[in-house]
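The block underneath contains the structure these notes are about, expressed in structure tokens.
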Amino acid sequence: MKHPIKIGVLGPCGSNGHYAANRLSERYFKDKAVEIVFINSHEEILNKVQVGKEISYGVVPIENSSRGLIREVADVWLKDSYTAKVVAEQWVEIRNCLLMRSSGPKVPTIVMSHPEALGQCRKSLVGLGLSSASKQVPTSSTAMAAKIVAESDPSSGAAAIASRFAADEYGLTVVRDDMNDHSSNETRFHLVANKDIDSDHTGNKKSFVFKVAHKAGSLVNVLKVFSDLSLNMTSIHSVCEGIREEYLFYVEVVRTDKDSAWPISLMKYLKKETGWIKCIGTFTEHKQQ
């Protein structure tokens with residue numbers, strides 16, 4: 001009997017990463033046994049993928065449509081010593097709900113969730129009188145918030161911001177269906193591994209992190225490389241290194257001609273225009289539904 005493919009996600013069960021892993025498994029491991037492994041942080045997921053003993057793949061968020069780059073994940077990619085690669089991506093619609101115990105009051109006095117989710121629902125929390133720090137409890141994941149509420153005293157007035165997926169996992173009631181400040185709220189997840197999942201090792205999308213000199217036109221010169229080679233940039237973020245005026249950049253590009261190969265000269269030209277660059281993956285673009 002073959003061992004199952006182990007995929008690490010942010011735990012506990014019911015997280016958005018868990019949902020994304022299920023969708024990715026349907027796309028890439030449909031006829032194979034898959035075991036979801038719940039891990040305490042995104043950084044730990046990435047580190048375990050790098051080691052390759054406990055899990056074969058990891059699922060981590062990279063970008064949210066309303067909050068931008070997920071810095072905790074990006075910081076790992078910026079390490080020159082990190083060598084695992086992005087092998088696939090998955091868009092997930094994030095529909096944050098207000099969840100409470102089925103018994104007990106339905107007017108929350110305290111709310112808990114992952115800091116990203118709390119930020120995505122800031123305006124809604126103001127309207128509910130839950131905007132002060134004393135009424136918000138940050139947790140390691142939205143699923144962890146749901147788990148804590150499910151195990152809390154029904155009379156406590158505790159609520160969680162999490163998904164319907166989490167509500168079903170923990171038997172919670174959806175008190176409010178849509179807490180998002182923005183009607184369109186999606187998170188893009190990466191599937192990370194030490195090996196490719198496509199037999200032909202192809203993909204129409206690439207991700208890079210790089211650093212340029214602190215002088216006029218240095219970033220423009222890099223972007224011109226993409227333009228000259230007919231590569232469409234789909235994502236760009238600056239990341240501060242912690243030193244004034246020192247930035248790295250996270251960029252993703254796609255081939256405009258899906259039938260063509262990646263230009264052999266791409267990395268040659270990029271290395272010429274950057275002080276340091278790393279390609280963190282070549283994979284197939286997942287279109288938003």
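Return yes or no: is SER66 part of a loop (DSSP other than H, G, I, E, B) and touching a His at 6+ places or on another chain (Cβ under 7 Å)? First the steps, then the outcome.
Working: part of a loop (DSSP other than H, G, I, E, B): yes; touching a His at 6+ places or on another chain (Cβ under 7 Å): yes.
Considered against the rule, which asks whether it is part of a loop (DSSP other than H, G, I, E, B) and touching a His at 6+ places or on another chain (Cβ under 7 Å), SER66 comes out as yes.
Within the range 1-30, track down each residue that is in a helix (DSSP H, G or I) and either within 24 Å of ILE148 (Cβ to Cβ) or without any contact (Cβ under 8 Å) to a residue 40 or more places away in the chain (or both).
If we filter the range 1-30 for residues that are in a helix (DSSP H, G or I), which is where we start, we get 16-28.
Result: ASN16, GLY17, HIS18, TYR19, ALA20, ALA21, ASN22, SER25, GLU26.
Taking the listed residues LEU78, LEU99, the one that is in contact (Cβ under 8 Å) with a residue 12 or more places away in the chain, among the hydrophobic types (A, V, I, L, M, F, W, C) and within 23 Å of VAL137 (Cα to Cα) is LEU99, with no other qualifying. Listed by position, the strands (runs of 3 or more DSSP E) inside the range 173-289 whose residues that are modelled with pLDDT under 90 and within 30 Å of ILE7 (Cα to Cα) number at least 2 form an empty set. Picking from residues in the range 1-19 that are among the aliphatic types (A, V, I, L, M) and in contact with a helix residue (DSSP H, G or I) (Cβ under 9 Å, 6 or more places away or on another chain), the one that is farthest from ILE62 (Cα to Cα) is ILE5. Of all residues in the range 121-138, those satisfying the criterion of being farther than 20 Å from GLY17 by Cα and in a loop (DSSP other than H, G, I, E, B) are LEU128, GLY129, LEU130, SER131, SER132.
Residues that are in contact with a Gly (Cβ under 8 Å, 6 or more places away or on another chain), in contact (Cβ under 8 Å) with a residue 60 or more places away in the chain and either under 27 Å from ARG23 (Cα atoms) or of a type in the set (A, V, I, L, M) (or both) occur in the range 223-242; there is at least one. All of VAL76, VAL9, VAL34 fail the test of being out of contact with any Ser or Thr (no Cβ under 7 Å at 6 or more places or on another chain) and of a type outside the set (Ser, Thr, Tyr), apart from VAL76.
Which of the residues that make up the range 139-154 are charged (D, E, K, R) and assigned to a helix (DSSP H, G or I)?
Initially, the range 139-154 is screened for residues charged (D, E, K, R), giving 147, 151, 153.
Of everything in the range 139-154, just one residue is charged (D, E, K, R) and assigned to a helix (DSSP H, G or I), namely LYS147.
Applying the criterion of being of a type in the set (D, E, K, R) and assigned to a strand (DSSP E or B) to the residues of the range 81-119, the residue that is surrounded by the most Cβ atoms within 10 Å (Cβ to Cβ) is GLU89.
Taking the condition more than 22 Å from THR284 (Cα to Cα), within 19 Å of the chain's Cα centre (by Cα), among the aliphatic types (A, V, I, L, M) and not in a helix (DSSP H, G or I), does ILE161 pass?
Details: more than 22 Å from THR284 (Cα to Cα): yes; within 19 Å of the chain's Cα centre (by Cα): yes; among the aliphatic types (A, V, I, L, M): yes; not in a helix (DSSP H, G or I): yes.
Yes: the conditions hold for ILE161.
The values are calculated or read from the model by the stated rules, or taken from the named source; none is laboratory data. Given the structure is predicted, the values throughout are model-derived calculations rather than measurements. Don't worry about glycine lacking a Cβ; one is built from the backbone with ideal geometry, like all the others, and counts go over all protein chains shown.
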